[in-house]
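Read through the structure below, which is laid out as structure tokens, and then see the notes.
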Amino acid sequence: MANKADLSIEYLGVKCENPFFLSSSPVAGSYDMVKKAFEAGWGGVFFKTVGIFIADECSPRFDNIAKESTPWIGFKNMEQISDKPLEDNLQAMYRLKRDYPDKVLVASIMGSSEEEWSELAKLVTETGADMIECNFSCPQMTSHAMGSDVGQNPDLVREYSKAVSSATDLPVIAKMTPNIGNMEEPAIAAIEGGAAGISAINTIKSITNIDLEFKTAMPVVNGKSSISGYSGAAVKPIGLRFIAQMKQHPLLKNIQMSGIGGIETWRDALEYILVGCHNVQVTTAVMQYGYRIVSDMISGLSYYMEEEGFEKVEDMVGLALPNIIPAEELQRNFKIIVDIDHDLCIGCGRCYISCFDAAHQAINWDFENRRPTINDECVGCHLCINVCPVLNCIRPAKIVWKEDWKITPEEINFKTRYE
Amino acid sequence: MDRGEKRLSKVTAKNQLQGKEIKKGYLDEAVHGYNTRTAMEEAARCVLCYDAPCSKGCPADTKPADFIRSIRFRNFKGAAATIREANALGGCCAKVCPYDRLCEEACSRTGIDRPIQIGKLQAFAVDIEKKFNMKILEAKEATKEKVACIGAGPASLSCASRLAREGYQVTIFESFDKPGGMLTYGIILSRLPQDVVDFDIEKVKELGVKFVFNTKVGQDVTIDDLKEQGYKAFFIGTGLWKPRKIDIPGADLKGVRYAIEFLKEARSSKGEMKVDGNVIVIGGGNVAMDCAATAKLLGAERVTIVYRRTIEEAPADIAEIEYVQSLGISIITKYAPKEILEDDGKVAGLIAAGTDDFSELKLKADMIVFAIGQEAEDMRKIVPAIELNENGTISCDIAKGFTNIEGIFAAGDIVNGGKTVVEAVAQGKSVAESIMKYLSQKEGVN
């Protein structure tokens, strides 16, 4: 695992040794925790949000979504901002920057009025933090003057971004809530208010499970529960989408983004970089596995860059953006017909069932030999490839043109399966 | 801890690492069951086949594909119902079925890595039935004809269950004092705990089936007596209980034992029976493996299995062979017993001849257990005019169970010459259909 490329990247003018950050959350709540994380290799930390408001937490406060044998596909968290005294948090941030000057420390703040935002900005600037992140997005605050209720309102976002930017010289980042249809609006408002960067996404308002005994959401807190933030692998697709849409907006395309949502591996992190992030933030995977996961992120990304010949992380930022286009612009004049490898086939018939029940009845089933074959009805949807339990058993076999005009097959790039 | 024990604990630890979690006590079940989480994990491995081969692989039509899908979609009670409706001895079959030759052999997942552990999932579902005290089967009011089932083993229990559900008045006559037959007397507890047997039988009793114990039909009561009492049809499911013997010098010495009576004594003693010294077991089936494990777990110093064919040819399940090996029992193949050596009227050793006609084996022994199969007792004592095969089994159509005598049916080991529990269950079930048809139409003479 020794492979280490130069993963450094500049973010809002601050040099970061790598793009891997802890997000402002339970994983970055004290000096000792962050110290251990830095030593494990994290490039920086968004310290757990501080405020004048001190959180009083419930017990229990987490739940997770499991799919068959895989737990933590999604995770629900009811914790709010820091429950420690503001002074202790400022002290911890000061000591961290003093003891780890090369690591990047972002102070995350949350106020409930212009005055509070301004005051918090001044206080954290004095700790020596490198940047300030405005938390406009925690979905489980017990005060409605705070959190995602603010992030859904572009006017408040603009106003508070301005209050913070005016009170500090540090770069200001606005952290967005995904509990909204169009993230561009509050993001543009934040930039208008003086923010330099955008972080997205915070957690998604959720009810993960309903308990059948107490007939309330999970986790059950003395017979009751609340809607709160959802994170983990399940939310990566949503995070990627918000980032890509913001980066494709003319007013936001040059804004540096910090990607958050379902990142567990170097590959997840890279995907956020490819849709335009300069760094990524991780919480849920650390809650599940610990700080140590960063070593495989560093190593894995280094191997990828070596394989692909990238010298700098910066060179990969946004590479996927030109290829994510509106549905109406997709080429639709061909279909890719599949073929089934009868030697690899285990005869389970899953492709046959799904093709019949959910697609185009394009697979025939040989009861005697337990083998499926593709008939003339195939439209190239590749549902069969998605359900087949055997790797590479069903493969794209030929391109069929819908119209007379053609381009040469070499020009068709396609892929169905994410491995 | 002596070297042997150390080695044994090493083997056990290794097996635990491989997820087999083999235990060593006579009263302990050898394999741990699933909990809801591990059952879901295993069910998630299932590829949920179309026209599933596993279900076709079950002789008793226990529908593994259906109950695994129920588990996968978190309908544990539904899984339990599927099993109980199809198989009156679903709990026992879950423990003793030769899966590697039936449903698991057919499993499509084998094409990717290894089959789904169907038996363990079945046991999990039956545990759910027990935990929730489910009443899955319902019997119609018992207003139909009286039927007598002879023997309280798997074939009879399965047949009786089916008949009782349809409203027949069924009584099982059993010569021993407990029901279950081979399930209760002829299998080691580590493979089949008694509570599993008792639970399945309880389910048969709940259907209104009556049991008469300590009653040997043909001796304590005759078919004619029973006809006088109003029984209209008879089902013979007595099984095979007479040990097969071979005639070699020393075969009648003290210390020569036969498998079923040996296992029965051990089970009846609840593990209190003492075994010591050197024990040799002759045979290569599951019964031989059970005898060897029983001897070892009850205190024998050294246990050796001597089998006349190769290990590949041994009819024992691979899991049972691995289990005895994990207990430190060695299996010597391709030797047949030639002579039992004597010391003071008791067994002192065994001479076995290699099947290569050259090698010879001489082993010290304090006890020799023959586990080379069972034969039929004299069925004419039950029904004087019944037609028998050369080996003493009852001559009849296996699926339909008609004997040469009107109103008398048979199934299980006494017909098929000794096969698996699940086959006895399957035959008992299908012969019940014949009996119902016979009673409703009064047809059925060969």
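Yes or no, residue by residue, for (1) surrounded by 24 or more Cβ atoms within 10 Å (Cβ to Cβ); (2) in a loop (DSSP other than H, G, I, E, B); (3) modelled with pLDDT of 95 or more:
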{"residue": "B:CYS149", "(1), (2), (3)": "yes, no, yes"}
{"residue": "B:ALA152", "(1), (2), (3)": "yes, yes, yes"}
{"residue": "B:CYS159", "(1), (2), (3)": "yes, no, yes"}
{"residue": "B:GLY167", "(1), (2), (3)": "no, yes, yes"}
{"residue": "B:LYS178", "(1), (2), (3)": "no, yes, yes"}
Subset of the range B:349-363, residues in a strand (DSSP E or B) and either loosely packed, with under 14 Cβ neighbours inside 10 Å or modelled with pLDDT under 95 (or both), comes to B:GLU360, B:LYS362
Of the conditions (1) assigned by TED's automatic domain parsing to the domain that holds B:THR171; (2) more than 22 Å from B:VAL415 (Cβ to Cβ), the single one that B:ILE248 does not satisfy is (1)
Per the filter on the range B:51-63, residues within 14 Å of another protein chain (Cβ to nearest Cβ) and either under 17 Å from B:CYS97 (Cα atoms) or crowded, with 21+ Cβ neighbours inside 10 Å (or both) are B:ALA52, B:PRO53, B:CYS54, B:SER55, B:LYS56, B:GLY57
Restrict the check to the range A:37-60 and report whether at least one residue is assigned by TED's automatic domain parsing to the domain that holds A:SER231, assigned to a helix (DSSP H, G or I), within 22 Å of A:ARG95 (Cβ to Cβ) and not hydrophobic (A, V, I, L, M, F, W, C).
yes
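Condition check ((1) in contact with a Ser or Thr (Cβ under 8 Å, 6 or more places away or on another chain); (2) touching a residue at least 40 places away in the same chain (Cβ under 8 Å); (3) over 22 Å from B:GLY418 (Cα atoms); (4) assigned by TED's automatic domain parsing to the domain that holds B:LYS270) across all residues:
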position: B:MET182; (1), (2), (3), (4): no, yes, no, no
position: B:TYR185; (1), (2), (3), (4): yes, yes, no, no
position: B:ARG191; (1), (2), (3), (4): no, yes, no, no
position: B:LYS203; (1), (2), (3), (4): yes, yes, yes, no
position: B:GLU206; (1), (2), (3), (4): no, yes, yes, no
position: B:PHE211; (1), (2), (3), (4): yes, yes, yes, no
Given the conditions (1) within 30 Å of A:LYS4 (Cα to Cα); (2) within 14 Å of another protein chain (Cβ to nearest Cβ), every one holds for A:ASN369 apart from (1)
Those residues of the range B:110-128 which are within 14 Å of chain A (Cβ to nearest Cβ) and not basic (Lys, Arg) amount to B:THR110, B:GLY111, B:ILE112, B:ASP113, B:PRO115, B:ILE116, B:GLN117, B:LEU121
For A:CYS345, are the conditions met, namely being outside the structural domain of A:ALA174 (by TED's automatic domain parsing), more than 30 Å from A:VAL27 (Cβ to Cβ) and assigned to a helix (DSSP H, G or I)?
no
Considering the range B:30-50, residues that are among the hydrophobic types (A, V, I, L, M, F, W, C) and within 11 Å of chain A (Cβ to nearest Cβ), and then whichever is nearest to A:TYR352 (Cα to Cα), we arrive at B:CYS49
Exercise for review: Report yes if some residue within the range A:406-417 is farther than 30 Å from A:ALA244 by Cα and among the aromatic types (Phe, Trp, Tyr); otherwise report no.
Suggested key: no
Would you confirm whether or not the range A:3-18 contains a residue that is assigned to a strand (DSSP E or B), within 20 Å of A:ASN135 (Cβ to Cβ), among the basic types (Lys, Arg) and at pLDDT 95 or above? no
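Restricting the search to the range B:329-349, which residues are among the hydrophobic types (A, V, I, L, M, F, W, C) and in contact (Cβ under 8 Å) with a residue 24 or more places away in the chain?
B:ILE329, B:ILE331, B:ILE332, B:ALA336, B:ILE340, B:LEU341, B:VAL347, listed by residue number.
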Notebook entry, point to check: Could we say that A:ARG370 is in contact with a Gly (Cβ under 6 Å, 6 or more places away or on another chain), crowded, with 17+ Cβ neighbours inside 10 Å and of a type in the set (Lys, Arg) here?
Noted result: yes
Residues of the range B:266-288 being buried (at least 19 other Cβ atoms within 10 Å of the Cβ) and within 21 Å of B:VAL347 (Cα to Cα), in sequence order, are B:ALA266, B:VAL275, B:ASN278, B:VAL279, B:ILE280, B:VAL281, B:ILE282, B:GLY283, B:ALA288
By my count, helices (runs of 4 or more DSSP H) wholly in the range A:251-339 with at least 3 residues that are surrounded by fewer than 17 Cβ atoms within 10 Å (Cβ to Cβ) and of a type outside the set (D, E, K, R) are A:294-308
Considering the range A:30-56, residues that are among the acidic types (Asp, Glu) and at pLDDT 95 or above, and then whichever is nearest to A:ALA107 (Cα to Cα), we arrive at A:ASP32
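Residues are listed down the side, and each one gets a yes or a no for (1) crowded, with 22+ Cβ neighbours inside 10 Å; (2) in contact with a Ser or Thr (Cβ under 8 Å, 6 or more places away or on another chain); (3) at pLDDT below 95; (4) on the phi > 0 side of the Ramachandran plot:
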{"residue": "A:ASN209", "(1), (2), (3), (4)": "no, no, no, no"}
{"residue": "A:SER231", "(1), (2), (3), (4)": "yes, yes, no, no"}
{"residue": "A:GLY239", "(1), (2), (3), (4)": "yes, no, no, no"}
{"residue": "A:HIS249", "(1), (2), (3), (4)": "no, no, no, no"}
Here the residues within the range A:170-195 that are more than 20 Å from the chain's Cα centre (by Cα) and in a loop (DSSP other than H, G, I, E, B) are A:LEU170, A:PRO171, A:GLY193, A:GLY194, A:ALA195
Only unsatisfied item for A:HIS360, checking (1) under 30 Å from A:ASN18 (Cβ atoms); (2) part of a loop (DSSP other than H, G, I, E, B), is (1)
Scanning the range A:130-149 for residues that are in a loop (DSSP other than H, G, I, E, B), buried (at least 24 other Cβ atoms within 10 Å of the Cβ) and in contact with a Leu (Cβ under 9 Å, 6 or more places away or on another chain) gives A:PHE136
In the set A:LEU120, A:LEU86, the lone residue that is surrounded by fewer than 23 Cβ atoms within 10 Å (Cβ to Cβ), within 16 Å of A:SER24 (Cα to Cα) and in contact with a strand residue (DSSP E or B) (Cβ under 8 Å, 6 or more places away or on another chain) is A:LEU86
Q. Quick check: anything in the range A:89-109 part of a loop (DSSP other than H, G, I, E, B) and among the aliphatic types (A, V, I, L, M)?
A. no
Over the range B:319-348, the set of residues crowded, with 19+ Cβ neighbours inside 10 Å and assigned to a strand (DSSP E or B) is B:ILE331, B:TYR335, B:PRO337, B:ILE340, B:VAL347
Restricting the range A:373-399 to residues that are within 14 Å of another protein chain (Cβ to nearest Cβ) and in contact with a Lys or Arg (Cβ under 7 Å, 6 or more places away or on another chain), the one surrounded by the fewest Cβ atoms within 10 Å (Cβ to Cβ) turns out to be A:PRO389
Within the range A:54-62, is even one residue more than 14 Å from chain B (Cβ to nearest Cβ) and either in contact with a Gly (Cβ under 9 Å, 6 or more places away or on another chain) or among the basic types (Lys, Arg) (or both)? yes
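The values are calculated or read from the model by the stated rules, or taken from the named source; none is laboratory data. Here the structure is a predicted model, which is why all the values come from computation and not from measurement. Because the Cβ atoms are built from the backbone with ideal geometry, glycine has one as well, and the counts that use them run over all protein chains shown.
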